[in-house]
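Engineer: Here it is, the structure in full.
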């Protein structure tokens with residue numbers, strides 16, 4: 001598997017700098033920015049202001065990774081959805097038990113039999 005590192009220039013605090021990231025991280029960064037209603041350069045500025053690492057590329061990778069891990073944790077913590085009832089139903093009793101459970105039908109001219 002070939003790593004496709006893409007180098008892009010960004011402006012941070014009025015200075016141009018280059019950031020090298022794999023294409024998958026650039027794509028994820030664009031999707032995150034779109035979802036958060038900010039531009040990609042603005043999101044990079046936010047990451048830069050909050051980074052604890054010396055390398056901006058690493059800080060961006062960790063930001064993307066942490067965000068996706070939080071999403072997975074959120075999904076994992078959600079209670080499972082109830083399963084759908086199966087199409088086949090288990091019969092209990094027999095025909096007599098089911099017939100006895102139903103109200104007696106009136107037939108024309110006949111009275112229901114009582115035994």
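We did not get these values from a lab; they are worked out from the coordinates using the rules stated. None of the values given here were measured: they were computed from a predicted structure.
Engineer: Please give the length that would be gained between residue 13 and residue 42 if that part of the chain were fully extended, namely 0.36 nm times their separation in residues minus their C-alpha to C-alpha distance (nm, one decimal).
Structural biologist: 9.3 nm
Engineer: Starting from the Cα-Cα distance between residue 75 and residue 55, subtract it from 0.36 nm times their residue separation and give me the gain in nm to one decimal.
Structural biologist: Gain on extension, residue 75 to residue 55, equals 4.1 nm.
Engineer: Okay, next question. Tell me the Rg and the Dmax, in Å, that the Cα atoms of segment 16-79 produce.
Structural biologist: Gyration radius and largest Cα-Cα distance of segment 16-79: 12.5, 47 Å.
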